[in-house]
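Some notes on the structure that comes next.
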2 protein chains.
Amino acid sequence: MKTKILLVEDDSNLGFVIKDNLTQNGFDVYLCEDGEMAWQNFQHNHFDIAIFDIMLPKLDGFTLAEKVRLANKEIPIIFLTAKSMKEDKIKGFQLGADDYIVKPFNMEELVFRIKVFIKRTAKEPSADLFQIGSYQFNYLNLELRHEISSKRLTQKEANLLKLLCHRKNKMVKREDLLKQVWGSNDYFAGRSMDVYISKLRKYLIHDNSIEIINYHGIGFMLSLK
Amino acid sequence: MKTKILLVEDDSNLGFVIKDNLTQNGFDVYLCEDGEMAWQNFQHNHFDIAIFDIMLPKLDGFTLAEKVRLANKEIPIIFLTAKSMKEDKIKGFQLGADDYIVKPFNMEELVFRIKVFIKRTAKEPSADLFQIGSYQFNYLNLELRHEISSKRLTQKEANLLKLLCHRKNKMVKREDLLKQVWGSNDYFAGRSMDVYISKLRKYLIHDNSIEIINYHGIGFMLSLK
DNA sequence: AATGATTTGTTAAATAACTTAACAAATTCT
DNA sequence: AGAATTTGTTAAGTTATTTAACAAATCATT
């Protein structure tokens with residue numbers, strides 16, 4: 001699965017150069033030309049890394065970063081700053097940013113920094129204990145507890161639930177779930193997943209603030225009210 | 001599964017200190033007091049990392065390292081050298097060594113270097129294509145080919161075979177196989193594994209230079225004549 | 001070397017995991 | 001509104017894995 005990058009750069013020439021370069025480095029790049037568009041995109045898709053220019057039409061990079069950070073505490077954000085901007089001003093704004101890089105920069109440096117983040121997030125073993133409403137889900141021993149009762153999940157059930165938990169209250173694309181849990185995205189894998197979704201719903205029935213919502217033709221969301 | 005370290009240090013006080021320290025850091029340490037003993041130990045057990053003092057009774061660290069390197073091209077070897085030894089002399093001997101550390105050293109440094117090796121070997125994805133006699137075994141797509149025919153293995157079968165391949169012509173302990181493939185080491189897992197060994201033998205029957213040899217009460221070895 | 005205990009080899013039966021089929025219901029498209 | 005597609009659900013079918021059963025081999029003890 002390729003690393004998905006949300007790139008926001010209003011200078012379309014520069015934007016294309018960066019996008020092209022990152023694509024050649026094996027990343028999946030989504031280029032937006034203003035902050036508003038990026039925010040829309042961010043809300044509807046999953047990204048692994050965000051790269052924001054600071055001077056942007058409609059919604060500047062800092063404000064965008066704040067919104068993004070509020071919605072997602074994990075995603076690494078890298079700023080592209082003009083040379084003219086003073087370092088202390090940048091630092092002052094470094095609320096949610098993880099790194100920044102001064103224009104003009106060479107692509108190798110950007111790629112290097114992106115890889116640092118990928119390595120970092122790959123290393124931090126993703127949590128294996130989840131609270132889902134009044135349920136507790138332990139991925140390691142495949143246990144889904146609720147008050148006194150406890151259900152032992154199968155590996156596939158657990159894999160699927162884990163992915164949904166990992167992005168809870170966010171829609172996860174069918175395609176992504178299938179690729180990651182089934183390894184393939186075809187008709188039969190899809191039907192198999194629907195069966196599993198149905199099973200998970202049954203297991204989670206005792207807490208009615210929990211829902212697995214279907215987005216017709218797009219994906220599923222584990223929703224916690 | 002803990003990282004297994006073969007530590008050879010003739011000064012028993014220093015040896016115990018190092019062993020104790022590494023054990024506290026979560027490693028499984030086997031301390032030998034001379035090179036001969038270490039070599040015996042190495043031949044009969046599996047280790048992930050070797051740490052050799054250079055000045056040793058019976059068999060010095062360098063000679064030991066050469067023998068070890070001949071038998072195992074992968075295992076990281078770290079030398080402990082006396083301060084008095086000149087760097088160029090060490091370099092001259094650096095045939096099989098991966099790193100060396102000058103006495104007296106602080107434990108944090110040694111632990112750091114060990115961790116570097118663990119990370120490195122963990123990253124290099126262990127090969128997924130194996131030649132077993134006239135068979136070809138592709139772990140990724142679970143395929144075991146022989147001339148024209150091809151058998152698709154199950155995940156467990158492939159996991160077990162991969163471990164045996166990975167240490168081919170070396171005995172692998174029952175315990176290790178069970179821990180790594182079944183995750184637990186109890187009576188039933190053991191019997192299950194015996195069933196799988198039996199299956200693998202059947203699949204590999206067309207090349208009679210291949211054997212899966214049992215070492216009664218100890219483990220199995222995939223032997224290629 | 002004979003005895004009994006333990007471990008292993010092998011086949012078959014039982015169980016569990018996962019997929020596919022079938023049909024109803026919901027959603028989207030025209 | 002009607003057709004096409006997607007999803008929800010149950011059940012049947014298939015495959016993977018475990019457990020049982022018994023024979024054979026190995027080991028420990030006498």
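For the range B:1-53, please list each of the strands (runs of 3 or more DSSP E) lying entirely inside it that holds at least 3 residues being in contact (Cβ under 8 Å) with a residue 40 or more places away in the chain. Explain how you work it out, then say what you get.
Numbers: elements: B:4-8, B:28-32, B:49-53.
Strands (runs of 3 or more DSSP E) meeting the threshold: B:4-8, B:49-53.
Of the residues that sit in the range B:33-42 and are closer than 26 Å to B:GLU108 by Cα and under 17 Å from the mean Cα position of the chain (by Cα), which one is farthest from the other protein chains (Cβ to nearest Cβ)? Explain how you work it out, then say what you get.
Just the residues of the range B:33-42 that are closer than 26 Å to B:GLU108 by Cα, to begin with: B:33-35, B:38, B:42.
From what's left, under 17 Å from the mean Cα position of the chain (by Cα): B:38, B:42.
Values: B:ALA38: 33, B:PHE42: 31 Å.
Here the answer is B:ALA38.
Give the residues of the range A:198-225 that are under 20 Å from A:ALA158 (Cβ atoms), hydroxyl-bearing (Ser, Thr, Tyr) and more than 9 Å from DNA strand D (Cβ to nearest atom), sorted by residue number.
Passing the criteria: A:TYR203, A:SER223.
Can you go through B:SER209, B:SER223 and tell me which one is more than 14 Å from chain A (Cβ to nearest Cβ), more than 13 Å from DNA strand C (Cβ to nearest atom), surrounded by fewer than 17 Cβ atoms within 10 Å (Cβ to Cβ) and under 16 Å from B:PHE137 (Cβ atoms)? Break it down stepwise before answering.
Working: B:SER223 fails: more than 13 Å from DNA strand C (Cβ to nearest atom).
Result: B:SER209 is the single residue among B:SER209, B:SER223 that is more than 14 Å from chain A (Cβ to nearest Cβ), more than 13 Å from DNA strand C (Cβ to nearest atom), surrounded by fewer than 17 Cβ atoms within 10 Å (Cβ to Cβ) and under 16 Å from B:PHE137 (Cβ atoms).
Look through A:ASP186, A:ASP176 and report the one residue that is touching a residue at least 60 places away in the same chain (Cβ under 8 Å) and away from DNA strand D (no atom under 11 Å from the Cβ).
Details: A:ASP186 fails: touching a residue at least 60 places away in the same chain (Cβ under 8 Å).
On inspection, the qualifying residue turns out to be A:ASP176.
Could you check the range B:101-205 for helices (runs of 4 or more DSSP H) lying wholly inside it with 3 or more residues that are within 14 Å of chain A (Cβ to nearest Cβ)? Can you show your working first?
On the way: elements: B:107-123, B:155-166, B:174-177, B:187-203.
Because the criterion is at least 3 residues that are within 14 Å of chain A (Cβ to nearest Cβ), the helices (runs of 4 or more DSSP H) in the range B:101-205 that meet it are B:107-123, B:155-166.
When you check A:SER134 against the structure, is it touching a residue at least 40 places away in the same chain (Cβ under 8 Å) and more than 8 Å from DNA strand C (Cβ to nearest atom), yes or no?
Answer is yes for this residue.
Looking for whichever is farther than 30 Å from B:GLN155 by Cβ, modelled with pLDDT of 85 or more and acidic (Asp, Glu) here; the options are A:GLU109, A:GLU147. Which one fits? Spell out the reasoning first.
Values: A:GLU109 fails: modelled with pLDDT of 85 or more.
Step by step, each of A:GLU109, A:GLU147 is checked, and only A:GLU147 is farther than 30 Å from B:GLN155 by Cβ, modelled with pLDDT of 85 or more and acidic (Asp, Glu).
Could we say that A:ARG174 is modelled with pLDDT of 90 or more, touching an Asp or Glu at 6+ places or on another chain (Cβ under 9 Å) and within 16 Å of DNA strand C (Cβ to nearest atom) here? Spell out the reasoning first.
Details: modelled with pLDDT of 90 or more: yes; touching an Asp or Glu at 6+ places or on another chain (Cβ under 9 Å): no; within 16 Å of DNA strand C (Cβ to nearest atom): yes.
Answer is no for this residue.
Among residues belonging to the range A:26-76 that are among the small types (Gly, Ala, Ser) and out of contact with any strand residue (DSSP E or B) (no Cβ under 7 Å at 6 or more places or on another chain), point out the one that is nearest to A:LYS173 (Cα to Cα).
Restricting attention to the range A:26-76, the residues satisfying the condition of being among the small types (Gly, Ala, Ser) are A:26, A:35, A:38, A:50, A:61, A:65, A:71.
The next check asks that each one be out of contact with any strand residue (DSSP E or B) (no Cβ under 7 Å at 6 or more places or on another chain); those that pass are A:26, A:71.
Values: A:GLY26: 21, A:ALA71: 18 Å.
Within the range A:26-76, the match that is nearest to A:LYS173 (Cα to Cα) is A:ALA71.
Of these, B:ILE78, B:ILE54, B:ILE5, which one is touching a Ser or Thr at 6+ places or on another chain (Cβ under 7 Å) and among the aliphatic types (A, V, I, L, M)? So that I can check it myself, show each step before the final result.
Working: B:ILE78 fails: touching a Ser or Thr at 6+ places or on another chain (Cβ under 7 Å); B:ILE5 fails: touching a Ser or Thr at 6+ places or on another chain (Cβ under 7 Å).
Only one candidate qualifies: B:ILE54.
Of a type in the set (Phe, Trp, Tyr) and either crowded, with 22+ Cβ neighbours inside 10 Å or within 18 Å of A:VAL116 (Cβ to Cβ) (or both): which single residue out of A:PHE27, A:PHE62, A:PHE16 fits that description? Explain how you work it out, then say what you get.
On the way: A:PHE62 fails: either crowded, with 22+ Cβ neighbours inside 10 Å or within 18 Å of A:VAL116 (Cβ to Cβ) (or both); A:PHE16 fails: either crowded, with 22+ Cβ neighbours inside 10 Å or within 18 Å of A:VAL116 (Cβ to Cβ) (or both).
Going through A:PHE27, A:PHE62, A:PHE16 in turn, the sole match is A:PHE27.
The values are calculated or read from the model by the stated rules, or taken from the named source; none is laboratory data. Keep in mind the model is a prediction, meaning the values are calculated, not measured. Note that we place each Cβ from the backbone using ideal geometry, even for glycine, and neighbour counts take in every protein chain shown.
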